[in-house]
Amino acid sequence: TKTISKCYVQVTGMTCASCVANIERNLRREEGIHSILVALMAGKAEVRYNPAIIHPSAIAELIRELGFGATVMENCGEGDGILELVVRGMTCASCVHKIESTLMKTDGVLYCSVALATNKAHIKYDPEIIGPRDVIQVIKNLGFTTSLVKKDRSASHLDHKQEIRQWKRSFVVSLVFCIPVMGLMIYMMVMDSQLSDAHAHHNMSSEEMEALHSSMVLEYQLLPGLSVMNFLSFLLCVPVQVFGGWHFYIQAYKALKHKTANMDVLIVLATSIAFVYSFVILLVAMVEKAKVNPVTFFDTPPMLFVFISLGRWLEHVAKGKTSEALARLISLQATEATIVTLGPDNVLLSEEQVDVELVQRGDIVKVIPGGKFPVDGRVIEGHSMVDESLITGEAMPVTKKPGNTVIAGSINQNGSLLISATHVGADTTLSQIVKLVEEAQTSKAPIQQFADKLSGYFVPSIVAVSVVTLFAWIIIGFVDFEIIEKYFLGYNKSISAAEVIIRFAFQASITVLCIACPCSLGLA
């Protein structure tokens, strides 16, 4: 008996079905190669060969000579079929044992485990020797009823609607409160510049200056130390911090739990500190009944949240678009197949309807006019026109005659065809396209990985810098108080020098943190 081995070769550079045909045709002629099956979308060739005559590396070399890239895939366990079944009628552990031992004795079953509590059986088998229908038949013969675990075909995991909704809500909330804050800021800036102009020209009497000052309604103090501006900013900032930032807080908490620092951590850190610091400063000013209104950072959180939640929202909308396309693709798959048994001279002996998951390689499938092809295969008998536009985009129907390949999901138009299944289940072109799109969605772009890596270092380093700033200013302050007096305007002369220094140092270090946050925008 000739031993036959099987190997998988990863093939790159195939563009269309003719490439596949080219490889298959040329390799079949080679001595020692028993059969070859090439899957275009997966870029994978399955070769059965005689190890006495030829080696996998030589097979890869043959494919390379045809002008494609080829590497032998090591430890490719994808040859194993996996079957999940629901088994009804088991009453006790001996039933379980009976099923398991019988299946393990069956040729081609590699592994089998049956759970009595959940009525589920998990079976690994070699599709070359045995197929899912045979396994089901074995269990039926033992007197149990069994059915496939129904797969969720709706592709609900591809649904981004919820995330789109949540980020949109987050964005809208932040925006609504951000616009007035920005308005206030711009108004203050304009007023400030007018003031400084007036100062510069000295052409205003002090009375006029006072008038201009008091006309700045926003600086008007509701309570000692609490100006209208700060009070409004505070009111506008709270809802943003709570509703706009809610999801950021959750993500940041999760990240910290796993000891990583991502963008969310930085955003949360900067906004929370800006908010808490501003709030505390206001309280201190009110307690001290300060004449000069303290500098607060209430404008930072809303603006940050607006930009970032807008970004997240757009990202999820884009993802949702691809997912929608994916869900449509998945819906193109046929759910049932008609399997026929052929006698000598291709005489139809019997036919049965089965679930598409139960079609095994080598089955003869009948496809009636108007029907979908359930699996990839090769035509054995019949002539027809087939609409393959879902895969190729080609509007004109393609003629199919014996020997041609057909693609799962395409639609048979006028003639009845008998096809032999070559790729079933997860190996069909359609499943491979779906898998590729899913992988493309879950994998990150290289630049994104780089940004994540950077922000991993970025967050700790920013925190470090702001701590250094804090201590540096405290030291400078105690060494040379004049510098601080020069920069820290309008502080209350009644408080001690030490307190002034510490307050100024804090202000500097918080400023560093808040300023660093838009850098995270840059990263994003």
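The values are calculated or read from the model by the stated rules, or taken from the named source; none is laboratory data. All figures in this text were calculated on a predicted structure; none of them were measured in a lab. Glycine gets a Cβ as well: all are built from the backbone with ideal geometry, and neighbour counts include every protein chain shown. Keep in mind that these areas ignore ligands, DNA and RNA; they rest on the heavy atoms of the full protein, side chains included. Shrake-Rupley method; radii C 1.70, N 1.55, O 1.52, S 1.80 Å.
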Conditions (1) touching a Lys or Arg at 6+ places or on another chain (Cβ under 7 Å); (2) open to solvent by 30 Å² or more (accessible area, probe 1.4 Å); (3) of a type in the set (A, V, I, L, M, F, W, C); number of the one not met by V340:
(2)
Among residues belonging to the range 317-337 that are in contact with a strand residue (DSSP E or B) (Cβ under 7 Å, 6 or more places away or on another chain) and open to solvent by less than 40 Å² (accessible area, probe 1.4 Å), point out the one that is modelled with the highest pLDDT.
A337
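Taking the range 357-381 only, how many residues are outside any strand (DSSP E or B) and at negative phi? Outline the logic, then answer.
Of the residues in the range 357-381, the ones outside any strand (DSSP E or B) are 357-363, 368-371, 373-375.
Still in the list and also at negative phi: 357-361, 363, 368-369, 371, 373-375.
Going through the range 357-381 one residue at a time, the tally reaches 12.
For the range 11-30, state whether one or more residues are closer than 30 Å to F144 by Cβ, open to solvent by 20 Å² or more (accessible area, probe 1.4 Å) and part of a strand (DSSP E or B).
no
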Do any residues in the range 49-71 that are in a helix (DSSP H, G or I) have Cβ atoms under 8 Å from those of residues that are basic (K, R) and crowded, with 20+ Cβ neighbours inside 10 Å, where the two are at least six apart or on different chains, and which pairs are they?
none
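In this structure, is T341 touching a strand residue (DSSP E or B) at 6+ places or on another chain (Cβ under 9 Å), free of Cβ contacts under 8 Å to residues at least 24 places away in the same chain and of a type outside the set (F, W, Y)?
Yes; evaluated as a whole, the condition is true for this residue.
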So the check is Cβ under 7 Å with 6+ separation or different chains; which pairs have a first residue in the range 350-376 that's in the same structural domain as P402 (by the TED database) and more than 23 Å from I82 (Cβ to Cβ) and a second one that's among the aromatic types (F, W, Y) and open to solvent by less than 30 Å² (accessible area, probe 1.4 Å)?
V367/F373
Within the range 347-381, can you find the residues that are open to solvent by 50 Å² or more (accessible area, probe 1.4 Å) and acidic (D, E)?
E351, E352, E357, E381
Can you pull out every residue in the range 400-443 that is under 21 Å from the mean Cα position of the chain (by Cα) and of a type in the set (V, I, T)?
I433, V434, V437, T442
Take the range 395-445 and flag every residue that is part of a helix (DSSP H, G or I) and of a type in the set (A, V, I, L, M, F, W, C).
A426, L430, I433, V434, L436, V437, A440
Among the residues of the range 382-413, which ones are crowded, with 19+ Cβ neighbours inside 10 Å, without any contact (Cβ under 8 Å) to a residue 40 or more places away in the chain and β-branched (V, I, T)?
V386, V406, I407
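A quick yes/no check of all residues on (1) open to solvent by 50 Å² or more (accessible area, probe 1.4 Å); (2) closer than 18 Å to M185 by Cα; (3) at pLDDT 80 or above; (4) touching an Asp or Glu at 6+ places or on another chain (Cβ under 8 Å):
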position: G244; (1), (2), (3), (4): no, no, no, no
position: A252; (1), (2), (3), (4): no, no, yes, yes
position: F279; (1), (2), (3), (4): yes, yes, yes, no
position: T296; (1), (2), (3), (4): no, yes, no, no
position: V306; (1), (2), (3), (4): no, yes, yes, no
Selected residue (only one of I483, I476 is more than 24 Å from V276 (Cα to Cα) and either outside any helix (DSSP H, G or I) or modelled with pLDDT of 80 or more (or both)):
I476
Quick one: would you say L314 is without any contact (Cβ under 8 Å) to a residue 40 or more places away in the chain, open to solvent by 30 Å² or more (accessible area, probe 1.4 Å), in a helix (DSSP H, G or I) and within 30 Å of Y249 (Cα to Cα)?
yes
With the condition kept exactly as written, say whether any residue in the range 423-438 is modelled with pLDDT under 85 and exposed (fewer than 13 other Cβ atoms within 10 Å of the Cβ).
no
Some residue of the range 214-232 being farther than 21 Å from T300 by Cα, in a helix (DSSP H, G or I), open to solvent by 70 Å² or more (accessible area, probe 1.4 Å) and at pLDDT below 75:
yes
When only residues in the range 111-132 that are surrounded by 17 or more Cβ atoms within 10 Å (Cβ to Cβ) and closer than 30 Å to Y49 by Cβ count, which is modelled with the lowest pLDDT?
P127
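Would you point out which residue out of S113, S94 is part of a strand (DSSP E or B) and without any contact (Cβ under 8 Å) to a residue 24 or more places away in the chain?
On the way: S94 fails: part of a strand (DSSP E or B).
The match here is S113.
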